[in-house]
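Student: What follows is a single structure, and I will ask about it in a moment.
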Amino acid sequence: VNSGPYVSRRLLVVDDERIQRLIIARAVGNLGFVADAAASLDDALACLGDRAYDVVILDLSLGETDGISLLQALRDCGCDPVVIFISRLDDRIRIASMRLATAFGLRVAGSLHKPVAPAALRDMLLQTPPRPAAAPDRAVNVPTVEELTRAMHNNAIVTQFQPKVSLNDGAVVGMESLARWPRGGSAPVPPDVFIPLAERSGVIATLTFSVMRQALIACSQWRKTHPACSVAVNISPLVLTDPTLPDEIDRMLHETGLSPGALVAEITESTVIANPLAAAQILTRLRIKGISLSIDDFGTGHSSLLSLLRMPFSELKIDQSFTSQCETDPEAWKIVRATVSMARELGLSVVAEGIETNSVAERLRDIGCQTGQGWLFGRPMSEATLLAWLNEREPVTV
Amino acid sequence: MHMIHLIDHDYLAQLAEDIGDEGVHEVLGVFSEDAPGYLATLQQAYADGRLAELRRTAHALAGAARNAGLTPLGEAAYALQVALERTEPDAADVAALIRLAEASLAAIGDWNGATEAPGPEGPAATRTALI
């Protein structure tokens with residue numbers, strides 16, 4: 001299939017209204033598209049069976065059926081078309097359809113209200129939407145508990161650091177430490193595979209303390225040149241109820257000569273906290289010591305409003321799934337704005353994760369989000385790379 | 001002479017910019033071609049009491065009329081479609097819709113005459129007479 005911008009591309013309009021099909025076919029003809037039209041689902045399936053399409057324009061209401069039932073066929077047709085929805089239905093339905101198609105792995109350029117304004121359609125066709133991130137292949141290399149404990153014993157699980165940056169002046173305000181398991185000769189084991197494995201197999205406390213030790217040692221190095229730069233360590237809910245946690249943290253802070261203010265404990269409620277009272281007790285003790293507490297991946301899993309009410313958090317991290325969609329999904333943006341506003345009311349500082357572009361960084365700064373994290377500022381890196389990065393870095397201003 | 005604009009001239013002017021005058025004539029031609037079928041189906045479905053068919057046809061007419069810039073007809077057909085989701089059809093509503101559709105078809109005929117062969121008064125004067 002030719003899909004370059006200067007050769008003719010093939011487009012399918014699926015709409016049960018003849019005049020709408022005609023207007024769209026004529027409008028896109030000026031852009032070098034060859035348009036086919038389908039008046040029903042069956043027509044559309046027949047077209048997809050015959051030809052490869054670069055773009056499919058899909059009416060959500062098709063007589064007694066609907067356009068949603070075509071999404072699976074679009075995913076499976078093998079030609080990976082860009083999808084544009086058209087509908088008279090309200091915005092929420094159009095937005096939900098776009099999300100659904102994205103979840104199907106389709107590239108969605110947008111949705112338009114009917115009758116379709118040809119100029120708006122042309123604008124949409126001139127941009128190619130990004131491909132949704134492919135789901136990682138989980139079939140390969142799922143490690144065993146024995147491999148995990150051996151890797152921990154051999155220090156094969158390493159700690160990397162990703163910067164948190166002030167959106168106002170570009171200053172580096174901290175690092176998040178992230179456990180990584182590179183495996184020589186094969187793909188690294190993703191953390192969302194080996195962390196749950198460590199939780200299930202009872203070695204999560206050992207892993208957490210190991211990462212924390214490496215993180216605090218690294219932090220004591222960079223604080224020589226960046227004294228205000230903290231380090232964040234992820235703490236599993238299963239470790240939160242470990243009564244030795246506060247003393248263990250005390251000991252490590254003492255060994256590394258760091259003040260408690262250098263440490264941020266990030267809590268993701270990946271699993272339900274079995275004993276909320278014990279967890280709240282430990283977290284309160286940590287806060288009293290001067291350690292910051294961050295609620296991680298806020299808005300996902302169990303990281304909820306109830307946790308904010310129960311636990312003495314000082315920072316809220318907006319999950320990357322909201323940040324990454326805040327320019328394309330108006331409702332994601334509303335949730336981000338409301339979250340920042342709520343955090344302000346509660347006196348929490350806010351970190352937005354998953355920032356990849358300057359325009360997203362600017363939007364977030366403009367609504368009062370102080371801190372950002374993401375590939376725009378830096379990917380997770382080793383301690384040595386990080387120290388070099390810190391020393392070379394010119395502040396990013398957004 | 002109707003006191004409402006049967007044809008949304010702003011819509012058609014914009015459409016002409018987007019798909020050309022020829023495209024607009026084709027759109028109106030398709031509407032003129034399909035509309036008698038819709039009207040016949042509306043009348044027959046009403047007479048037979050086939051409500052689903054009546055609603056479907058009102059929906060199809062609404063879509064076609066709106067896309068052709070026949071805004072009052074599009075809104076009236078849509079109103080009938082929505083009403084049929086709740087209540088029994090009303091003979092007067094169906095008859096009024098059909099009259100509006102026929103007037104709209106006549107307006108298309110005048111519009112075509114005005115744009116294809118402007119008379120001595122020019123197209124603007126002719127269009128004024130359509131409203």
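The values are calculated or read from the model by the stated rules, or taken from the named source; none is laboratory data. Model, not experiment: these values are computed from the prediction. No Cβ is skipped: glycine too gets one built from the backbone with ideal geometry, and neighbour counts run over all protein chains shown.
Student: Kindly provide the set of residues from region A:17-41 that are touching a Ser or Thr at 6+ places or on another chain (Cβ under 9 Å) and either within 14 Å of chain B (Cβ to nearest Cβ) or charged (D, E, K, R) (or both), ordered by number.
Tutor: Within region A:17-41, A:PHE33, A:SER40 qualify.
Student: Exactly one of (1) in contact with a helix residue (DSSP H, G or I) (Cβ under 9 Å, 6 or more places away or on another chain); (2) at pLDDT 85 or above is unmet by A:PRO182. Its number?
Tutor: With respect to (1) in contact with a helix residue (DSSP H, G or I) (Cβ under 9 Å, 6 or more places away or on another chain); (2) at pLDDT 85 or above, A:PRO182 is out only on (1).
Student: Can you find a residue in region A:81-88 that is exposed (fewer than 15 other Cβ atoms within 10 Å of the Cβ) and either without any contact (Cβ under 8 Å) to a residue 12 or more places away in the chain or more than 14 Å from chain B (Cβ to nearest Cβ) (or both)?
Tutor: There is no residue in region A:81-88 that is exposed (fewer than 15 other Cβ atoms within 10 Å of the Cβ) and either without any contact (Cβ under 8 Å) to a residue 12 or more places away in the chain or more than 14 Å from chain B (Cβ to nearest Cβ) (or both).
Student: Then there is this: What number of residues within region B:9-30 are out of contact with any Lys or Arg (no Cβ under 9 Å at 6 or more places or on another chain), within 17 Å of B:GLY109 (Cβ to Cβ) and buried (at least 17 other Cβ atoms within 10 Å of the Cβ)?
Tutor: So the answer is 3.
Student: Taking region A:89-125 as the search range and keeping residues that are more than 11 Å from chain B (Cβ to nearest Cβ) and among the charged types (D, E, K, R), which one is surrounded by the most Cβ atoms within 10 Å (Cβ to Cβ)?
Tutor: My answer is A:ARG94.
Student: Same structure, new question: Return yes when A:ASP59 is touching a strand residue (DSSP E or B) at 6+ places or on another chain (Cβ under 6 Å), closer than 19 Å to A:ARG94 by Cβ and either more than 11 Å from chain B (Cβ to nearest Cβ) or not hydrophobic (A, V, I, L, M, F, W, C) (or both) and no when it is not.
Tutor: yes
Residues checked against (1) away from every other protein chain (no Cβ under 11 Å); (2) at pLDDT below 95:
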{"site": "B:HIS9", "(1), (2)": "yes, yes"}
{"site": "B:GLU33", "(1), (2)": "no, no"}
{"site": "B:GLU53", "(1), (2)": "yes, yes"}
{"site": "B:ARG56", "(1), (2)": "no, yes"}
{"site": "B:GLY63", "(1), (2)": "no, yes"}
{"site": "B:LEU70", "(1), (2)": "no, no"}
{"site": "B:ARG86", "(1), (2)": "yes, yes"}
{"site": "B:ASP90", "(1), (2)": "yes, yes"}
{"site": "B:ALA95", "(1), (2)": "yes, yes"}
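Student: Now for a different question. Go through (1) surrounded by fewer than 22 Cβ atoms within 10 Å (Cβ to Cβ); (2) part of a helix (DSSP H, G or I); (3) touching a strand residue (DSSP E or B) at 6+ places or on another chain (Cβ under 7 Å) and name the single condition A:LEU283 misses.
Tutor: Looking at each condition in turn, A:LEU283 falls short on (1).
Student: Here are the criteria: (1) away from chain B (no Cβ under 13 Å); (2) over 16 Å from B:ASN67 (Cα atoms); (3) β-branched (Val, Ile, Thr). Tell me which single one A:VAL14 does not satisfy.
Tutor: (2)
Student: Here's something else I'd like to know. What's the number of the condition B:GLY29 fails, among (1) of a type outside the set (Lys, Arg); (2) touching a helix residue (DSSP H, G or I) at 6+ places or on another chain (Cβ under 7 Å); (3) more than 9 Å from chain A (Cβ to nearest Cβ); (4) over 27 Å from B:ALA83 (Cβ atoms)?
Tutor: (2)
Student: Do any helices (runs of 4 or more DSSP H) entirely within region A:302-371 hold 2 or more residues that are basic (Lys, Arg) and buried (at least 17 other Cβ atoms within 10 Å of the Cβ), and if so, which?
Tutor: A:358-366
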